[in-house]
Amino acid sequence: MPRLSASDRCSVRFLLNGRSVAAEAEPRMLLTDFLRHSLGLTGTHVGCEHGVCGACTVQIDGKPARACLTLAVQVDGANVRTVEDLAPEPGRLSVLQEAFRRHHALQCGFCTAGILMSLDAYLKTNPEPSEPALREYLSGHLCRCTGYVPIIAAALDAAKRLREATAHA
Amino acid sequence: MSVQAQAWTGRSIERVEDAALLTGRGRYIDDLGVATGTLHAAILRSPHAHAKIKAVRTEAAAALPGVTAVITGADVVGLTTSLPVGVRAPIKCWPIAVDSARYVGEPVAVVVARDRYRAEDALDLIEVDYQLLPAVVDPHDALDAGAQRLYESLSSNVASDRRFRYGDPQAAFAEAAHRIGIDVHYPRNSCTPLETYGIIASYDPGEDAYDILSGFQGPFSIHSVIARALKVPGNRLRLRTPPDSGGSFGIKQGVFPYLVLMGVAARVAGRPVKWIEDRLEHLTGSVSATNRVTRLEAAVDRDGRVRALAWDQIEDVGAHIRAPEPATLYRMHGNLTGAYDIRHMSVRNRVVVTNKTPTGLNRGFGGPQVYYALERLMQRIALELKLDPIDVIRRNLVPANAFPYRTASGALLDSGNYQQALEAALRDGDLAGLQARRDAARREGRLYGIGFAAVVEPSVSNMGYITTALTPEERAKAGPKNGAQATATISLDPLGTVSAHIASVPQGQGHRTVLAQVIADELGLKPSDIVVVAEMDTARDGWSIASGNYSSRFAAAVCGAAQLAAARLKSKLARIAAAQLNVGAEEIEFADGKVRARRNPDNAAPFGRLAATSHWAPATQPSDVDQAIRETAFWTPPELTAPTEADEINSSLCHGFIFDMCGLEIDRVTGAVRIDKYVTMHDCGRVLHPGMVAGQITGGFAHALGAALYEEYAYAPDGSFLAGTFADYLVPTSMEVPAPLILHIETPSPFTPLGAKGVGEGNCMSTPVCLANAVADALGIADIGLPLTPAKLAAATQNAEPPPPARTAAAMPAGKRRALHGAGEARVAAPPKAVWNALLDTRILASIIPGCHDVEQVSATHFRADVTLGVGPVKGRYRAEVKLEDLVSPRSATLIGSAVGALGSAVGKGSVRLAGDAAGTTIISYDYDAEIGGKAAAVGGRLLDGAARIVIRQFFEALARRVAGISKPAWRLWLERLLAQLGRRP
């Protein structure tokens, strides 16, 4: 790993939601602040900055990761995906997002981006999840509004619809 | 109401809010653009629970490049006045520590800099001299006449002491067959919204006016509090809210002292200032529900009928009495008899100040504390009289034919049928099945219990209830306060489309969707035709002191106001349509986007065309219509009157009913609670949106489950805060929250326009005590306190744990604070004498102590060091003093040290022993014992222990490198490390 000097600004080049990005960051800058305030993608939220609440979850090289525990300079060369990339086009929602809306799986919406990013990655490798498995998987996310019940229902519904779509394809 | 008016309200339509929130296009406060030149604030907070502030030295911080201003208590005193206090007590309440710090986390200084990183750098450079004072933590201790006083101007720590009498409680107690009592210590907790506080403040010196954007949720009675504190007239304080909020649950009422603080910061800095609270600040220093000590006694007949209650409540509001406290205590004042018909009652309410974070609104607001005592007592009554707990509840419920029912202390219960709700819950929730499961479990030796709770959920607060804390004489002097003004504005634009504006400040509850349903029904439109604007601006919008998002007032009050505004507009439009369609106004109906003659639907005009008339052709309007462009309705219920001479108070307008029952099992080995089944029956009047009502119930249930089983804002006896991260303050996850079975009956409120009542807070009142009753039933014990953690329950099911193994090192004096101890060994490839010399060399020490900025040698055996250390998420700068004793060169030494920093303090003792071997290697063995206080203590033992081990390991590794390399060139060291990694020695 390269050694960085605290006083230097470092160049960070990476793939963000399918487009290449080049920007500068101080070595201590968190990926959350970098995404939100340097690059203007405010869909990724900051809930605790110590890795417990999961609101800041993004996908780094396809895997869910806490952006608040990641330094901006660490994603140099990586493929980063955020909630802004989930909808297929403006004005349309993904199957997962639609399921969340249908089941009232969000209220204030602050934790939602992180949960969507985790579920999006999970359902790709686990197309037929059980409820207990989903509950365990989502235990890395805190939601204070919904009591989780509608989130689990939305995830199960989305998984079913995604399977049906795959079967028909 | 026409047939069409039923079309949308009552349906679970999809929320208009969701598309933006699901795609990352929400507009929360930290997402909004700010004015060019906006600066960023960070706050230095007290690491001590109680201390005099002797000096705050800010020069070094102010001199850091990028820093514009450093604000201290003196600046705030110079530019503001004290926040008003809700009781008659000669104390001041500032938004920052002035002369004294009274809780861990209290602001001491604010740095304003070009970005947040720079501002936090500067916090490290501020030096504060504290003189520690004894901390008062327990509310009982606070009553003690000899206790340390928090305020010199107050003769004790009791800020208010009131006694009330309703009916003839003395006679009822004298006559009753039984006197049954219970003692409760209700703990502190908070609903911790996922989004923290945020503020963007600016000040215009030309107009002497403040403009402050924040997630403040109301009540806007606090606008007056802030304006007064900032010393400006009301019209020079513009409060605004962002379009979206990341949740509140009452908590964002508590941001208001920071509005004053950031207003001052913007004024001093001469630029707009933005502050986003971080999570550690939020947990430690934002706001909390009150903890309360209660003694409740009941006068009971042989059959379990309760004749009288005697309440003695000691409310702990923390270090300040912040507005609207002591409202937590008085919000329930009319409802102290719960769902029961009890005519005699005495009440003693004391409010104490302690060295803890000040309290404020939190979902349930006073309800959890009251119902925990009342419903635990109902179970105790059943047990002591050997009656079925359900029978005791049945015997005491307010009769179904008694509504509206005036309680002993003055609440007017609007509607209900508690018996019907109870019996439906027992039937549809299958109590018989639950009892069979309990019996089966018990036959197998498992610990299974069933609990019940019956509660009345008040909503739509009377703005006057808080004055019950004053005596009738004091109230007479201040003038009457009452009511609950709600408001909504509906506008028609020149294309004839409908917009609505409300002052309800939603925090995620979907207000925009429900209002669109209500207005669409009134005007014969679809919800998607209506745009509702929910962000608030006190300079432009209709509002009053009751505006805001609290006391579950949206469905009952705000929707009603919106319907009134829509109805007024509709009535005008009907008169315009009557003229255009040549029929009588009473013949006009609004349906399917048209305005038409009821008996000849073909005689119609599109709604949009008619609705544009007042803009384009006002001369065609009938003369009795002034304009049909904009209607603002205000609505306040006449039932909400001021407290009477006899202290009777109708503290809320609406009263829902909840009956909960649950079955749970306690693991005999771990003490963990597993909820087998939870049933919650609600009567919240008319349901406007079933999906959102279910969301409120399930969400409130999850909050209550956390409060019952896991969460506590715990304090050490020295006032250190022990729940400072989400790894220590345990919020329930998807693994812990089961799906409750939700049941409903509907008895519409006769007092609200739509018949709706509040529903958002009830489970926070009913669920903690329902779970506790089930745990008490499972364990067969009388006294249980929240949270019902596995450790607590295991202690009740098992023998006492064996004492921990004795430690080798000398223990510190009995630990009042977070203790830290450890021992280890390190090897250094140099003889003991070289290691010894290095350990006494300030230059070497400075280069090997992790995070060290400087080491100063005060004497041969006394060192002073300046270090930055991080423990988990808590990183800060400390000044450390180390003294060496018992020096036996080059064999052993004792180190006695202390460290003080913004994040806390530590005192400790350690010993180091050096032993050489034949190969010229030194084996260093060490052990240490320390006590940690302040914010660092809040991160919890696991993180602290781990951090200490890492820091010590880094120290010895650096020592080993340094001592071994003193006479060797760098390339040789590099080669040695490489070879060592390859498993060879040079």
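Just so you know, in the stretch B:163-199 the residues that are touching a Pro at 6+ places or on another chain (Cβ under 9 Å) and within 14 Å of chain A (Cβ to nearest Cβ) include one that is nearest to A:C108 (Cα to Cα), and it is B:G198. For the stretch B:223-238, the criterion of being assigned by TED's automatic domain parsing to the domain that holds B:G464 and over 15 Å from the mean Cα position of the chain (by Cα) is met by no residue. No other residue among A:R144, A:R81, A:R92, A:R101 is among the basic types (K, R), without any contact (Cβ under 8 Å) to a residue 24 or more places away in the chain and touching a helix residue (DSSP H, G or I) at 6+ places or on another chain (Cβ under 8 Å) apart from A:R101.
Okay, residues lined up against (1) touching a Lys or Arg at 6+ places or on another chain (Cβ under 9 Å); (2) in contact (Cβ under 8 Å) with a residue 24 or more places away in the chain; (3) closer than 19 Å to B:P787 by Cα:
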position	(1), (2), (3)
B:G338	no, yes, no
B:N349	yes, yes, no
B:G367	yes, yes, yes
B:L374	no, yes, yes
B:L377	no, yes, yes
B:R380	no, yes, no
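Summed over the stretch B:828-873, residues that are in a strand (DSSP E or B) and surrounded by 14 or more Cβ atoms within 10 Å (Cβ to Cβ) total 13. The set of residues from the stretch B:165-185 being surrounded by 18 or more Cβ atoms within 10 Å (Cβ to Cβ) and part of a strand (DSSP E or B) comprises B:Y166, B:I180, B:I182, B:V184.
Restricting the stretch B:852-878 to residues that are in contact (Cβ under 8 Å) with a residue 60 or more places away in the chain and of a type outside the set (V, I, T) leaves a set whose member that is farthest from B:A930 (Cα to Cα) is B:P873.
Going through (1) under 18 Å from A:M117 (Cβ atoms); (2) of a type in the set (D, E); (3) in a loop (DSSP other than H, G, I, E, B) one by one, A:D8 falls short only on (1). Restricting attention to the stretch A:106-137, the residues that are at the interface with another protein chain (Cβ under 9 Å from one of its Cβ atoms) and closer than 23 Å to B:R25 by Cα add up to 9.
Scanning the stretch B:218-235 for residues that are assigned to a helix (DSSP H, G or I) and surrounded by fewer than 17 Cβ atoms within 10 Å (Cβ to Cβ) gives B:S224, B:G234, B:N235.
Does A:V58 satisfy the condition of being more than 9 Å from chain B (Cβ to nearest Cβ) and in contact with a Leu (Cβ under 9 Å, 6 or more places away or on another chain)? So A:V58 passes the test.
Out of curiosity, is B:A604 at pLDDT 95 or above, within 13 Å of B:R575 (Cα to Cα) and not assigned by TED's automatic domain parsing to the domain that holds B:L653? So B:A604 does not fit the description; no. Taking the stretch B:684-693 as the range and being over 22 Å from the mean Cα position of the chain (by Cα) and either closer than 20 Å to B:P768 by Cβ or among the aliphatic types (A, V, I, L, M) (or both) as the test, the residues that pass are B:C684, B:V687, B:L688.
The helices (runs of 4 or more DSSP H) found entirely in the stretch B:1-105 that carry 3 or more residues being buried (at least 17 other Cβ atoms within 10 Å of the Cβ), within 14 Å of chain A (Cβ to nearest Cβ) and without any contact (Cβ under 8 Å) to a residue 12 or more places away in the chain are B:18-22.
The set of residues in the stretch A:15-47 being touching a residue at least 60 places away in the same chain (Cβ under 8 Å) and facing chain B (nearest Cβ under 8 Å) consists of A:G43, A:T44, A:H45, A:G47. Answer yes or no as to whether B:A539 is closer than 23 Å to B:A617 by Cβ, more than 14 Å from chain A (Cβ to nearest Cβ) and either surrounded by fewer than 24 Cβ atoms within 10 Å (Cβ to Cβ) or modelled with pLDDT under 95 (or both). In short, no.
Within the set B:R475, B:R568, the sole residue that is more than 28 Å from B:A209 (Cβ to Cβ), touching a residue at least 12 places away in the same chain (Cβ under 8 Å) and in the same structural domain as B:L610 (by TED's automatic domain parsing) turns out to be B:R568.
Within the stretch B:702-732, the set of residues being farther than 16 Å from B:G247 by Cβ and facing chain A (nearest Cβ under 7 Å) comprises B:T725, B:A727.
What about B:L434, is it of a type in the set (A, V, I, L, M), assigned by TED's automatic domain parsing to the domain that holds B:R394 and in contact with a helix residue (DSSP H, G or I) (Cβ under 8 Å, 6 or more places away or on another chain)? Judged against the criteria, B:L434 is not a match. Where strands (runs of 3 or more DSSP E) fall entirely within the stretch B:258-340, those with at least 3 residues that are surrounded by fewer than 24 Cβ atoms within 10 Å (Cβ to Cβ) are at B:291-300, B:306-316. Evaluation of A:L162 against the conditions (1) in a helix (DSSP H, G or I); (2) more than 7 Å from every other protein chain (Cβ to nearest Cβ); (3) under 15 Å from the mean Cα position of the chain (by Cα) shows that the sole unmet condition is (3). Does the stretch B:213-233 contain any residue that is over 23 Å from B:A546 (Cβ atoms) and among the hydroxyl-bearing types (S, T, Y)? No; the residues of the stretch B:213-233 include none that is over 23 Å from B:A546 (Cβ atoms) and among the hydroxyl-bearing types (S, T, Y). Within the stretch A:2-14, the set of residues being within 14 Å of chain B (Cβ to nearest Cβ) and touching a residue at least 12 places away in the same chain (Cβ under 8 Å) comprises A:A6, A:R9. Within the stretch A:84-105, restricting attention to residues that are more than 7 Å from every other protein chain (Cβ to nearest Cβ) and of a type in the set (G, A, S), the residue that is nearest to B:A694 (Cα to Cα) is A:A105.
The values are calculated or read from the model by the stated rules, or taken from the named source; none is laboratory data. The shown structure was predicted, so the numbers you read here are calculated from the model rather than taken from an experiment. Note that each Cβ is placed from the backbone with ideal geometry, even for glycine, and that neighbours are counted across all protein chains shown.
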